[in-house]
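Take a look at the structure set out below.
The values are calculated or read from the model by the stated rules, or taken from the named source; none is laboratory data. Please read all numbers here as calculations on a predicted model, not as lab measurements. Backbone-built Cβ (ideal geometry, glycine too); neighbour counts: all protein chains shown. The accessibility values were calculated without ligands, DNA or RNA, using every heavy atom of the protein model including side chains. Shrake-Rupley method; radii C 1.70, N 1.55, O 1.52, S 1.80 Å.
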Amino acid sequence: MTQILDNISLQPFNSFGIHALAKHFCKVTSLNEMQELLEWNKTNNHPLLVLGGGSNVLFTKDYDGLVLQNALKGIELVNEDNEYYFVKAMAGENWHQFVSHCVQQQYQGIENMSLIPGNIGASPMQNIGAYGVEIKDVFESLEAIQISDGSIVSFDNKACGFGYRESVFKHQLRNQFIILSVVVRLRKTPIFNISYGNIEQELMNMNVKQLTIQSIADAVIRIRQRKLPDPTKIGNAGSFFKNPIIPTVLYDELKKAYASIPGFAVQNGSHTKVPAAWLIEQTGWKGFRAGDAGCYPLQPLVLVNYGHATGLEIFNLSTQIIEKVKIEFGIELEREVNIY
Ligand code: FAD
Ligand code: NAP
């Protein structure tokens, strides 16, 4: 039986660097260990929290249950056809290392998602995305273990119910499955996507004459390193809020009052995605700091822990931001980060 530790600090295991205790903690490195642990917990009945890289969680209190750190490892080319490579990665593999591996192998399709922190297992949870690509665009299937009976279930793209930073695992099937592995489908002949944000400009700055998978990955890495706080230096969990998607009629009304409000048409134009960063900046939060809890000056969508902030302080700041944006714009921001 794998070792279960008691009263373990979760500080090294969350990118916010928040100090909170796990009543029980267990690192799982094989399917056998996972099955044993779930069996053990059937009799002990502790609330269960599955943790990957801890880069999308905020602990507001100690966790009075069992934290299972999913550390299953392995990357494998499982199949290929004329068009695609099918690559399987185990849940405990680091996402960015996986992307780098695929870039090196000339497997094309996830280079725009370079440098997203965290592990493979969490990537379908919120359908991770960046620079115009989401995991759903390359997703083939995943395997997950059902917590209630230990059975292994396979999910295809449709069964995951992917949406904008959403999946069934965040909603209907919340806390019911532990994702074990993911298979992605990557192109042999590249179809690049550089239309988004300032990738094209960055490639020009880099003096790239011929596009390659590697050059796009490098451009994305350069932009992200400039704009986003490095969690090893300043605690954060990336975007704290989702970008709100509102009916376009409402957006058009707002545009009359706020001529510079940015918006991106989605859902065939019926709705518009409004960058939450703009709403937060307009309401005066950009660069705000109270104690060690703050709103990052270079990207106000990111809340930060400058050192010794508590999870509750960060959470309370997020509540204040939500309230002020709601009063000013009538838009209710939704937290993207998982709160515990
Ligand atoms: P964790 O934080 O460990 O877990 C997140 C949630 O998933 C928790 O609810 C957890 O219980 C659950 N979970 C984790 N693993 C499993 C599993 N195997 N089975 C079932 N449930 C599981 N996200 C983006 O989408 N795009 C970005 O560009 C992006 N940029 C970021 C930049 C920075 C600097 C930071 C700090 C974060 C960023 N994020 C981004 C957020 C984060 O990196 C992603 O959400 C990532 O997928 C989280 O992975 P993780 O392993 O750290 O998940
Ligand atoms: P950005 O490029 O400054 O863009 C700001 C906002 O505009 C984002 O909300 C983005 O939506 C939207 N946007 C920009 N160009 C768009 C286009 N052509 N079509 C549709 N929407 C467009 O954003 P950023 O903060 O620097 O982040 C860059 C990318 O990395 C984004 O994709 C962002 O989602 C991702 N990222 C995510 C996190 C996280 O924790 N979730 C953290 C950092 C960066 P989208 O967000 O929908 O792309």
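Regarding segment 39-53, can at least one residue be identified that is open to solvent by 70 Å² or more (accessible area, probe 1.4 Å), assigned to a strand (DSSP E or B), more than 14 Å from ligand 1 (Cβ to nearest atom) and of a type outside the set (Gly, Ala, Ser)?
No, segment 39-53 contains no residue that is open to solvent by 70 Å² or more (accessible area, probe 1.4 Å), assigned to a strand (DSSP E or B), more than 14 Å from ligand 1 (Cβ to nearest atom) and of a type outside the set (Gly, Ala, Ser).
When segment 94-118 is examined, which residues are found to be open to solvent by less than 30 Å² (accessible area, probe 1.4 Å) and within 22 Å of residue 34 (Cβ to Cβ)? Before the answer, list the steps.
Looking only at segment 94-118, we keep the residues that are open to solvent by less than 30 Å² (accessible area, probe 1.4 Å), and these are 95, 98-99, 102-103, 107-114, 116, 118.
Once the filter is applied, which keeps residues that are open to solvent by less than 30 Å² (accessible area, probe 1.4 Å) and within 22 Å of residue 34 (Cβ to Cβ), segment 94-118 yields 95, 98, 118.
Answer with yes or no whether residue 330 is closer than 15 Å to residue 236 by Cβ, at pLDDT 95 or above and more than 13 Å from ligand 2 (Cβ to nearest atom). Steps first, please.
Numbers: closer than 15 Å to residue 236 by Cβ: no; at pLDDT 95 or above: yes; more than 13 Å from ligand 2 (Cβ to nearest atom): yes.
For residue 330, the condition - closer than 15 Å to residue 236 by Cβ, at pLDDT 95 or above and more than 13 Å from ligand 2 (Cβ to nearest atom) - is not met.
When segment 108-119 is examined, which residues are found to be assigned to a loop (DSSP other than H, G, I, E, B) and under 17 Å from residue 74 (Cα atoms)? Don't jump to the end; show me each part of the working.
At the first step, the residues of segment 108-119 found to be assigned to a loop (DSSP other than H, G, I, E, B) are 109-110, 114-118.
Scanning segment 108-119 gives a single hit, 118.
For segment 189-199, give me each residue that is assigned to a loop (DSSP other than H, G, I, E, B) and open to solvent by less than 90 Å² (accessible area, probe 1.4 Å).
Restricting attention to segment 189-199, the residues satisfying the condition of being assigned to a loop (DSSP other than H, G, I, E, B) are 189-198.
190, 192, 193, 194, 197, 198, listed by residue number.
List every residue pair whose Cβ atoms sit under 8 Å apart, with the two residues 6 or more apart in sequence or on different chains, where the first one lies in segment 225-244 and is modelled with pLDDT of 95 or more and the second, anywhere, is open to solvent by 60 Å² or more (accessible area, probe 1.4 Å) and assigned to a strand (DSSP E or B).
From residues that are modelled with pLDDT of 95 or more, the pairs are 240/335; 241/335; 242/335.
Mind counting the residues in segment 63-99 that are aromatic (Phe, Trp, Tyr) and either within 13 Å of ligand 1 (Cβ to nearest atom) or farther than 25 Å from residue 129 by Cβ (or both)?
Within segment 63-99, the first condition is being aromatic (Phe, Trp, Tyr), and the residues that meet it are 63, 84-86, 95, 98.
Adding the requirement that they be either within 13 Å of ligand 1 (Cβ to nearest atom) or farther than 25 Å from residue 129 by Cβ (or both) leaves 63, 95, 98.
Qualifying residue count, segment 63-99: 3.
Taking segment 14-28 only, how many residues are of a type in the set (A, V, I, L, M), open to solvent by less than 10 Å² (accessible area, probe 1.4 Å) and over 18 Å from residue 238 (Cα atoms)?
The initial filter retains those residues of segment 14-28 that are of a type in the set (A, V, I, L, M), namely 18, 20-22, 28.
After this cut, where a residue has to be open to solvent by less than 10 Å² (accessible area, probe 1.4 Å) as well, the list is 18, 20, 22, 28.
Then keep just the ones that are over 18 Å from residue 238 (Cα atoms); that gives 20, 22, 28.
Count: 3.
Does residue 242 satisfy the condition of being within 20 Å of the chain's Cα centre (by Cα) and within 30 Å of residue 270 (Cα to Cα)?
yes
I want to confirm something. Restricting to segment 259-309 and keeping residues that are of a type in the set (Phe, Trp, Tyr) and more than 11 Å from ligand 2 (Cβ to nearest atom), which single residue is least open to solvent (accessible area, probe 1.4 Å)? Step through it out loud before you land on a result.
Of segment 259-309, the ones of a type in the set (Phe, Trp, Tyr) are 264, 278, 285, 288, 296, 306.
Filter once more, so that each one left must be more than 11 Å from ligand 2 (Cβ to nearest atom): 285, 288, 306.
Working: 285: 19, 288: 69, 306: 73 Å².
Applying the filter and picking the extreme gives 285.
One line per residue, one yes/no per condition, for (1) open to solvent by 50 Å² or more (accessible area, probe 1.4 Å); (2) touching a Cys at 6+ places or on another chain (Cβ under 8 Å); (3) closer than 28 Å to residue 37 by Cα:
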{"residue": "134", "(1), (2), (3)": "no, no, no"}
{"residue": "138", "(1), (2), (3)": "no, no, no"}
{"residue": "147", "(1), (2), (3)": "no, no, yes"}
{"residue": "151", "(1), (2), (3)": "no, no, yes"}
{"residue": "160", "(1), (2), (3)": "no, no, yes"}
{"residue": "175", "(1), (2), (3)": "yes, no, yes"}
{"residue": "210", "(1), (2), (3)": "yes, no, no"}
{"residue": "214", "(1), (2), (3)": "yes, no, no"}
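Note down all Cβ pairs under 8 Å where the first residue falls in segment 128-147 and is near ligand 2 (Cβ under 9 Å from one of its atoms), the second is part of a loop (DSSP other than H, G, I, E, B) and of a type in the set (Val, Ile, Thr), and they're at least six residues apart or on different chains.
Listed pairs, sorted by first residue: 128/116; 130/116; 133/110; 134/128.
For segment 54-62, indicate whether the set of residues that are assigned to a strand (DSSP E or B), more than 15 Å from ligand 1 (Cβ to nearest atom) and not basic (Lys, Arg) is non-empty. Even if it seems obvious, please write down each step before you answer.
As a first pass, look at segment 54-62 and keep what is assigned to a strand (DSSP E or B): 57-58.
If we keep only those that are more than 15 Å from ligand 1 (Cβ to nearest atom) as well, we get none.
No - not one qualifying residue is present in segment 54-62.
Are there any pairs with C-beta distances below 7 angstrom linking a residue in segment 57-79 that is under 29 Å from residue 302 (Cβ atoms) and without any contact (Cβ under 8 Å) to a residue 40 or more places away in the chain to a residue that is within 16 Å of ligand 2 (Cβ to nearest atom) and assigned to a strand (DSSP E or B), with the two at least 6 apart or on different chains, and if so which?
Between residues of segment 57-79 that are under 29 Å from residue 302 (Cβ atoms) and without any contact (Cβ under 8 Å) to a residue 40 or more places away in the chain and residues that are within 16 Å of ligand 2 (Cβ to nearest atom) and assigned to a strand (DSSP E or B), there is no close pair.
Could you pull out the residue among 323, 336 that is more than 16 Å from ligand 2 (Cβ to nearest atom) and either more than 18 Å from residue 56 (Cα to Cα) or surrounded by 17 or more Cβ atoms within 10 Å (Cβ to Cβ) (or both)? I'd like the intermediate steps shown before the answer.
Details: 336 fails: more than 16 Å from ligand 2 (Cβ to nearest atom).
The conditions single out 323.
When you check residue 220 against the structure, is it open to solvent by less than 70 Å² (accessible area, probe 1.4 Å), under 27 Å from residue 54 (Cβ atoms) and within 10 Å of ligand 1 (Cβ to nearest atom), yes or no?
Numbers: open to solvent by less than 70 Å² (accessible area, probe 1.4 Å): yes; under 27 Å from residue 54 (Cβ atoms): yes; within 10 Å of ligand 1 (Cβ to nearest atom): yes.
Against the criterion (open to solvent by less than 70 Å² (accessible area, probe 1.4 Å), under 27 Å from residue 54 (Cβ atoms) and within 10 Å of ligand 1 (Cβ to nearest atom)), residue 220 qualifies.
Give segment 290-338 a look and list any residue that's more than 17 Å from residue 243 (Cβ to Cβ) and among the small types (Gly, Ala, Ser), or say none.
290, 291, 293, 294, 307, 309, 311 - these are the residues of segment 290-338 that are more than 17 Å from residue 243 (Cβ to Cβ) and among the small types (Gly, Ala, Ser).
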